[in-house]
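Q: My questions will all concern the structure given below.
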Amino acid sequence: MSIAAATDHPLVEPAESPLTPESWGKLGMWTFLAADAMTFGALLAGYGALRYGDPSWPRPSTILGIPLTALMTFLLICSSVTMVEGLAGIRQGNKAKFGATFFILTGFHGMHVFSGVVYLTIILLVGMAGRFTAERSSPVEIAGLYWHFVDLIWILVFTFVYLI
């Protein structure tokens, strides 16, 4: 029996793609995060090479505000906890829980944080419009992937630039 004949048989279910419209967004975000992680890795490696190749490089602890930056790092990590709570709330159908935990601002600047705030604001507005449900929570999860990534990168930057 040919393959075409087997797929036309009424008892054989047609093959489905493992990627659904919902999972395309996750795949796209993971692809972006992988590329961004490589970029940050290259930038951190370049920073390390320049820093350790120059004996006159100043000690970070003598010129950088480590206590304030450590506090901002703590707030950023806390904001990831609120992102998890927001996703759990929307998946439970509790729209008020997502709104209450969404805006935890961190105090440091940067393109990724600004981009994340804009991105998460869009998610909030869409959520407030009632477009997320327990069955349609993937966009919130995808935004969470980005936000967690911002946390991870900041921890690396803080460690390598401020502490080492």
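Q: Among the residues of the stretch 23-66, count how many are farther than 20 Å from residue 149 by Cα and out of contact with any Phe, Trp or Tyr (no Cβ under 9 Å at 6 or more places or on another chain).
A: So the answer is 12.
Q: For residue 6, state whether it is surrounded by fewer than 15 Cβ atoms within 10 Å (Cβ to Cβ), assigned to a helix (DSSP H, G or I), among the hydrophobic types (A, V, I, L, M, F, W, C) and at pLDDT 75 or above.
A: Considered against the rule, which asks whether it is surrounded by fewer than 15 Cβ atoms within 10 Å (Cβ to Cβ), assigned to a helix (DSSP H, G or I), among the hydrophobic types (A, V, I, L, M, F, W, C) and at pLDDT 75 or above, residue 6 comes out as no.
Quick grid of which residues meet (1) in contact with a strand residue (DSSP E or B) (Cβ under 9 Å, 6 or more places away or on another chain); (2) in contact (Cβ under 8 Å) with a residue 60 or more places away in the chain; (3) surrounded by fewer than 10 Cβ atoms within 10 Å (Cβ to Cβ); (4) not hydrophobic (A, V, I, L, M, F, W, C):
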| residue | (1), (2), (3), (4) |
| --- | --- |
| 24 | no, no, no, no |
| 29 | no, yes, no, no |
| 36 | no, yes, no, yes |
| 42 | no, no, no, no |
| 45 | no, no, no, no |
| 55 | no, no, yes, yes |
| 58 | no, no, no, yes |
| 68 | no, no, no, no |
| 72 | no, no, no, no |
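Yes/no per residue for (1) outside any loop (DSSP other than H, G, I, E, B); (2) charged (D, E, K, R); (3) modelled with pLDDT under 80:
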site: 12; (1), (2), (3): no, no, yes
site: 16; (1), (2), (3): no, yes, yes
site: 22; (1), (2), (3): yes, yes, yes
site: 28; (1), (2), (3): yes, no, no
site: 38; (1), (2), (3): yes, no, no
site: 49; (1), (2), (3): yes, no, no
site: 77; (1), (2), (3): yes, no, yes
site: 82; (1), (2), (3): yes, no, yes
site: 85; (1), (2), (3): yes, yes, yes
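The values are calculated or read from the model by the stated rules, or taken from the named source; none is laboratory data. Computed from a predicted structure; not experimentally measured. Neighbour counts are summed over all protein chains in view; Cβ atoms, including those assigned to glycine, are modelled from backbone coordinates with ideal geometry.
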